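Heads up: the structure comes next, in structure tokens.
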Amino acid sequence: CLGDLIEPLNLISPNGIIGTWQPSVINSSTSGNYLFTPDPNQCANSQTISITINSPQIISFDWIVKEEFQTNQVLTILPHVQGDYLYQLDSGVPQINPMFENISDGLHTVTVYDVFGCSNPVSRNDILVINYPRFFTPNDDGINDFWSISGLYSYPNSKVQIFDRYGKLIKVLNVNKFESWDGKYNGQLMPSSDYWFIVNYQIHNSNKTFKANFSLIR
């Protein structure tokens with residue numbers, strides 16, 4: 001790594017050949033070639049080695065989530081500086097590929113490691129993957145009783161509107177208050193059916209709109 005203390009080049013080869021190096025000292029600030037020349041009267045040829053000096057590179061990174069709200073969401077990590085890195089999602093095994101598929105919704109942590117250890121790992125714990133429940137069952141059994149898009153709480157300007165099949169506005173969710181829908185309208189139970197929703201949200205300074213439907217099952 002750049003600036004590391006490097007041991008002097010050995011003047012005796014592994015098989016006992018004595019000689020000299022040119023240059024005689026490794027320069028820890030730049031990559032280069034070093035020539036070993038055997039002393040006279042030895043049955044040996046000159047050899048050249050190449051030493052690569054790696055400099056600290058990773059400072060930060062960006063990311064993109066392709067196809068928000070889709071079943072297979074793909075997270076791609078984009079380092080600010082090109083280099084040789086390993087990428088770790090949450091507590092998973094670090095990988096060479098900067099792309100992660102089938103990411104669950106919610107907040108995630110990504111850590112990027114320099115393969116050569118020349119710079120400290122960099123982590124971000126605010127990587128949000130957004131999705132929505134395809135159905136819910138508001139029957140007061142404590143399981144799937146409410147419908148919401150919880151991942152949007154990190155985006156306070158988001159707006160969620162829920163409509164029935166005829167286009168009537170049933171509910172507006174305030175993501176700042178972690179609101180969810182209990183399957184009622186004006187205190188009355190809504191029937192089992194498909195309901196539509198519209199989400200207006202902003203990611204990476206880009207305004208987006210998503211529309212889809214989900215099922216209420218009783």
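Restricted to segment 114-218, the set of strands (runs of 3 or more DSSP E) holding at least 3 residues that are touching a residue at least 24 places away in the same chain (Cβ under 8 Å), open to solvent by 20 Å² or more (accessible area, probe 1.4 Å) and in contact with a strand residue (DSSP E or B) (Cβ under 8 Å, 6 or more places away or on another chain) comprises 122-129, 159-163, 193-203, 206-216. Taking the residues in segment 103-113 that are in contact with a Leu (Cβ under 7 Å, 6 or more places away or on another chain) and at pLDDT 90 or above as candidates, determine which candidate is surrounded by the fewest Cβ atoms within 10 Å (Cβ to Cβ). Ranking the candidates gives Tyr113 first. There is at least one residue in segment 18-28 that is surrounded by 10 or more Cβ atoms within 10 Å (Cβ to Cβ), in contact with a Gly (Cβ under 7 Å, 6 or more places away or on another chain) and either at pLDDT below 95 or not β-branched (Val, Ile, Thr) (or both).
Screening the candidates Ser206, Ser148 for the property of being closer than 20 Å to Leu107 by Cα, within 33 Å of the chain's Cα centre (by Cα) and modelled with pLDDT under 85 yields one hit, Ser206.
Residues in segment 95-146 that are among the aliphatic types (A, V, I, L, M), in contact with an Asp or Glu (Cβ under 6 Å, 6 or more places away or on another chain) and over 30 Å from Gly3 (Cα atoms): 2 in all. Taking the criterion of being touching a residue at least 40 places away in the same chain (Cβ under 8 Å), closer than 21 Å to Cys1 by Cα and in contact with a Ser or Thr (Cβ under 9 Å, 6 or more places away or on another chain), the residues of segment 20-79 that qualify are Ile53, Asn54, Ser55, Pro56, Gln57, Ile58, Ile59. Of the residues making up segment 1-33, those that are within 26 Å of Asp114 (Cα to Cα) and not aliphatic (A, V, I, L, M) are Cys1, Gly3, Asp4, Glu7, Pro8, Asn27, Ser28, Ser29, Thr30, Ser31, Gly32, Asn33.
Candidates in segment 65-102 are the residues that are open to solvent by 50 Å² or more (accessible area, probe 1.4 Å) and charged (D, E, K, R); of these, the one that is modelled with the highest pLDDT is Asp90. How many residues does segment 40-64 contain that are surrounded by 11 or more Cβ atoms within 10 Å (Cβ to Cβ) and more than 28 Å from the chain's Cα centre (by Cα)? Here the count works out to 5.
The values are calculated or read from the model by the stated rules, or taken from the named source; none is laboratory data. These figures come from a predicted structure and were not determined experimentally. Reconstructed Cβ throughout: ideal geometry from the backbone, glycine too, with neighbour counts over all protein chains shown. SASA here: full protein model, heavy atoms, side chains in, ligands and nucleic acids out. Shrake-Rupley method; radii C 1.70, N 1.55, O 1.52, S 1.80 Å.
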